[in-house]
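A.B. asks: Structure below; questions to follow.
Read-outs throughout are calculated quantities, based only on the coordinates presented, and are distinct from any laboratory measurement. These numbers were taken from a predicted model, which means no experiment stands behind them. We place every Cβ from the backbone using ideal geometry, glycine too, and count neighbours over all the protein chains shown.
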Amino acid sequence: MNATVCLPTYNEAANLEPMLRALEQVLRPGDRVLVIDDSSPDGTGELADRLASELGFVDVLHRDAKEGLGPAYLAGFRRALATDTELILEMDCDFSHNPQDVPRLIAAGEDGADLVLGSRYVPGGHVGDWGLLRRAISRGASLYTALFLRMGVRDPTGGFKCFRRRVLEELDLDAITPRGYAFQIETTYRVKQAGFRVVEIPITFSDRTAGHSKMSKAIVLEAVWAVPLLRLRG
Ligand SMILES: Nc1nc2c(ncn2[C@@H]2O[C@H](COP(=O)(O)OP(=O)(O)OP(=O)(O)O)[C@@H](O)[C@H]2O)c(=O)[nH]1
Ligand SMILES: [Mg+2]
């Protein structure tokens, strides 16, 4: 099954080339990477174009403004669905998600999971080099989500995922509005609600070493209100 890795970037000039070279090592003929750049001021978009002309498996989607991860991914999903790709992956471009884990996500999708989640909080999963505060926020977000949504998912905020195309075809993408972590929670919630099979596989998550985090208070607060609202709306 052909796969497309959606790779959102905002100011990832230091990470993009090493990431694409690493993905080149693990992807198969026919697999593609779609870089989704929101007009990064550091030139990531231009770099992506240059690399795409060199590396045949890379496409670039340029967007006018930074709107957050959610809208960037939705634009990427729509673009990927317009091709014949069967598996659509989400992945950060900061090496928090290890490119070496991509084949395991793909294999789980090929094995029958409708949505595969790379999970830090199942046996065998780990979080490396995060401080106490980031660990607490992440764990707290998982517990908070479990309290309201009862999805049976251990790591609902993670952004290393693999969807079968039929899943994204069935979801009402226009109805998914969050920009940050809530986007990850809402997509998984809707997939579960639609009756699809969600499988978590262990990953090790590492803190970025280059570039800067785009996590913000606003992104955390969005999840605080969006999760209960999701439950209310059903
Ligand atoms: N296109 C696009 N990409 C974004 C945007 N915000 C973040 N990204 C990318 O999404 C990925 C994850 O963003 P990070 O800044 O690492 O945020 P995070 O992983 O939630 O936070 P940290 O764990 O602190 O790094 C990275 O590849 C970012 O470049 C955005 O508004 N638009
Ligand atoms: Mg990150």
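A.B. asks: Please work out the Cα center distance from the stretch 1-46 to the stretch 141-158, rounded to the nearest Å.
C.D. replies: 28 Å
A.B. asks: Over the stretch 100-234, what lengths in whole Å, largest first, do the semi-axes of the equivalent ellipsoid take, defined as the square roots of 5 times the eigenvalues of the alpha-carbon gyration tensor?
C.D. replies: Calculated on Cα positions only, the semi-axes equal 22, 20, 13 Å.
A.B. asks: Classify the stretch 61-127 from the C-alpha gyration tensor, please: rounded if a/c falls under 1.5, else prolate or oblate depending on whether a/b exceeds b/c.
C.D. replies: Oblate.
A.B. asks: Obtain the nm distance between the two label points defined at V26 and A218 by a simple spin-label model: each point lies 7 Å from its Cα along the Cα-to-C-beta direction.
C.D. replies: 3.1 nm
A.B. asks: Taking neighbour counts of Cβ atoms within 10 Å as a proxy for exposure, in what order, fewest first, do W225, W130 appear?
C.D. replies: Starting with the residue having the fewest Cβ neighbours, the order is W225, W130.
A.B. asks: With the alpha-carbon atoms as the only input, what is the per residue convex hull volume for the chain in Å³?
C.D. replies: 115 Å³
A.B. asks: Over the stretch 27-90, what is the relative contact order in percent, taking alpha-carbon pairs closer than 8 angstrom and at least six residues apart?
C.D. replies: It comes to 35 percent, rounded to a whole number.
A.B. asks: Still on this model: Can you tell me which of 85-91, 170-176 comes out highest on packing, and rank the rest after it, using the mean Cβ neighbours within 10 Å?
C.D. replies: Descending mean neighbour count gives 85-91, 170-176.
A.B. asks: Straight-line reach from K217: which aspartates and glutamates fall under 14 Å, measuring Cα to Cα and dropping same-chain residues less than 8 apart?
C.D. replies: Reachable aspartates and glutamates: none.
A.B. asks: Cα atoms only, the stretch 22-143: Rg and Dmax in Å?
C.D. replies: Looking at the stretch 22-143, its Cα Rg and Dmax stand at 16.0, 44 Å.
A.B. asks: What is the helix-to-structure angle for 69-81, meaning the angle in degrees between its Cα long axis and the longest Cα principal axis of the chain, kept from 0 to 90 and rounded to the nearest 10?
C.D. replies: 60 degrees
A.B. asks: Considering the Cα trace of the stretch 12-52, what is its radius of gyration and what is Dmax, both in angstroms?
C.D. replies: Taking only Cα atoms of the stretch 12-52, I get Rg and Dmax of 10.6, 32 Å.
A.B. asks: While we're here: Over the residues of the stretch 51-95, compute the C-alpha Rg and express it relative to 2.2 N^0.38 Å.
C.D. replies: Here the Cα radius of gyration is 1.24 times the empirical estimate.
A.B. asks: Hey, another quick one. Please give the FRET efficiency for W130 paired with L232, using the beta carbon to beta carbon distance and R0 = 30 Å, rounded to the nearest 0.05.
C.D. replies: 0.40
A.B. asks: So, one more: Give the cross-link partners of K192 among the lysines, using a straight C-alpha distance below 18 Å as the criterion and excluding same-chain residues fewer than 8 apart.
C.D. replies: Output for K192: K161.
A.B. asks: Once you wrap a convex hull around the alpha carbon atoms of the stretch 187-234, what is its projected area averaged over all directions, in nm²?
C.D. replies: Its Cα hull, projected and averaged over all orientations, spans 5.1 nm².
A.B. asks: Another one. In nm, to one decimal, how far is the modelled label at E17 from the one at E54, with both set 7 Å along Cα→Cβ?
C.D. replies: Once both label points are built, they end up 0.5 nm from each other.
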